[in-house]
2 protein chains.
Amino acid sequence: MSRRDEVLQAALDLLDEVGLDSLTTRRLAERLGVRPGALYRHFDSKRALLDAMVDVVIGGGSEVDDGPPQPTKDTWDEQIRTIATGARAAMLTHRDGARLVVTHLLPGPRAEPGVAQLAWETMLTILRPTGLSEAGAAGVIDTIFAYVNGFTIEEQARDGFPQPAERRALRDQGFAIGLDLILTGVRAKMKSV
Amino acid sequence: MSRRDEVLQAALDLLDEVGLDSLTTRRLAERLGVRPGALYRHFDSKRALLDAMVDVVIGGGSEVDDGPPQPTKDTWDEQIRTIATGARAAMLTHRDGARLVVTHLLPGPRAEPGVAQLAWETMLTILRPTGLSEAGAAGVIDTIFAYVNGFTIEEQARDGFPQPAERRALRDQGFAIGLDLILTGVRAKMKSV
DNA sequence: ACCTGAACACCGTTCAAGT
DNA sequence: ACCTGAACACCGTTCAAGT
């Protein structure tokens, strides 16, 4: 494990302890037993550190190694459900995970060719054989990510970290219900084409 | 216009100019020609100021005066569409409006009996006569707000402020498509009960 | 390669004192 | 009622210098 990864791991631990708003470079340095300036040998800026944290959260450490999506016998809606559920679960693994991801994934000069792009294209691949137009499929994917992100930001703001187990179960249910609403809408749209 | 309202208005102007991350009490004080400490006569904390800004953004200055929702001949889905579209439009009136609202609306000891609660209950009133159970209706409302918030946070991060007019038109279309997906799902759910 | 020491330009907030 | 002056405990970041 490189020193850079140790710093990154410490940052994620600190995030879970104090939350995104209290995650400062100075606190992180203190936790590492080091002066604040020393961090800048490993990350160009706090922003770069947060970007690396985002990659860990949404990467989950496996998708990239697994390569492109495996062919399955699952129906398209089961596959979409799996991806959406996995995205929420990934963001829930760290405190303020959704806010971290949504706020730091898109903006900046970073062209963002990463795991997020990969998830997007995976969904497109799943939807392409369904008869939906390219633009129609894009609209569906945007809708699902908007829902996943909005849902998860809200629950993390409300519930704190970690979620109590039975609260989590309740939210899992609520999430599935909303997702099914959307997927039902998609099915209707497919039939009407 | 009270001095407090002048400070609040200046804060909203500053937000549009520099964005939420650069909105500092010191910059706001400078813009008002005043020392930073002077702000604390009008707002207990920056948090209190941000809360007041949220109220302006989502209140839009009219809902409360208008009193409870007017009875209309619109169908339930047209009414829901109006509220959801209005919520997005309200957040788009200021730079980072969605992030401001979503991040500062829920947390904290603030019980949050405000315009948000009112919008939620309005939706419940709209959905009650449709035959949906109370829990079912709550699930629908949560889904719609998750979608609206997620969609708007994302577009504001991507597009900047203000959105170019034809970009806005494109996003209006995309928003309507996703919303219709959800509403179609709700219709199907109603039929199956 | 990694860190220290020390600085720089910032933050939010408090509070006595002025007008 | 509203603001100043001055302080306090923080921020992110840079950079020569050490080991």
- request: State which residue is nearest to the other protein chains (Cβ to nearest Cβ) when the search covers only the stretch B:4-29 and only residues that are open to solvent by 40 Å² or more (accessible area, probe 1.4 Å) and near DNA strand C (Cβ under 8 Å from one of its atoms).
  value: B:24
task: Go through the stretch B:124-138 and give me each residue that's under 16 Å from residue B:78 (Cβ atoms) and either among the polar types (S, T, N, Q) or open to solvent by less than 40 Å² (accessible area, probe 1.4 Å) (or both).
output: B:125, B:126, B:127, B:130
- line: Taking the stretch A:11-34 and the residues there that are touching a Lys or Arg at 6+ places or on another chain (Cβ under 7 Å) and within 8 Å of DNA strand D (Cβ to nearest atom), the one that is farthest from residue B:104 (Cα to Cα) would be A:29
field: Residue among A:118, A:106 that is within 18 Å of the chain's Cα centre (by Cα) and closer than 22 Å to residue A:21 by Cβ
entry: A:106
field: Any hit, the stretch A:181-193, residues being under 18 Å from the mean Cα position of the chain (by Cα) and within 13 Å of chain B (Cβ to nearest Cβ)
entry: no
field: Residue list for the stretch B:40-55, filter: away from chain A (no Cβ under 14 Å) and within 16 Å of DNA strand D (Cβ to nearest atom)
entry: B:40, B:41, B:42, B:43, B:44, B:48, B:49, B:52
- prompt: Among the residues of the stretch B:60-79, is there at least one that is outside the structural domain of residue B:131 (by the TED database) and within 16 Å of DNA strand D (Cβ to nearest atom)?
  reply: no
query: Is it the case that residue A:79 is polar (S, T, N, Q), within 16 Å of DNA strand C (Cβ to nearest atom) and at pLDDT 95 or above?
result: no
statement: With the first residue restricted to the stretch B:35-54 and required to be under 13 Å from residue B:104 (Cα atoms), and the second required to be within 7 Å of DNA strand C (Cβ to nearest atom) and at pLDDT 95 or above, Cβ contacts under 6 Å at 6 or more apart or on different chains are B:46/B:25
field: Residues of the stretch A:159-175 classified as more than 10 Å from every other protein chain (Cβ to nearest Cβ) and open to solvent by 40 Å² or more (accessible area, probe 1.4 Å), total
entry: 10
- line: Expected output for the stretch A:117-137 (first residue under 15 Å from residue A:84 (Cβ atoms), partner outside any helix (DSSP H, G or I) and open to solvent by less than 80 Å² (accessible area, probe 1.4 Å), Cβ below 6 Å, 6+ apart or cross-chain) is A:122/A:69
- prompt: With respect to the numbered conditions (1) more than 9 Å from chain A (Cβ to nearest Cβ); (2) closer than 20 Å to residue A:136 by Cα; (3) not charged (D, E, K, R), which one is the sole condition not fulfilled by residue B:150?
  reply: (1)
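The values are calculated or read from the model by the stated rules, or taken from the named source; none is laboratory data. The model shown is predicted, which means the values in this text are computed figures rather than measured ones. Every residue, glycine among them, receives a Cβ derived from its backbone with ideal geometry; neighbour counts consider all protein chains shown. Heads up: the accessible areas ignore ligands, DNA and RNA and are worked out on the full protein's heavy atoms, side chains in. Shrake-Rupley method; radii C 1.70, N 1.55, O 1.52, S 1.80 Å.
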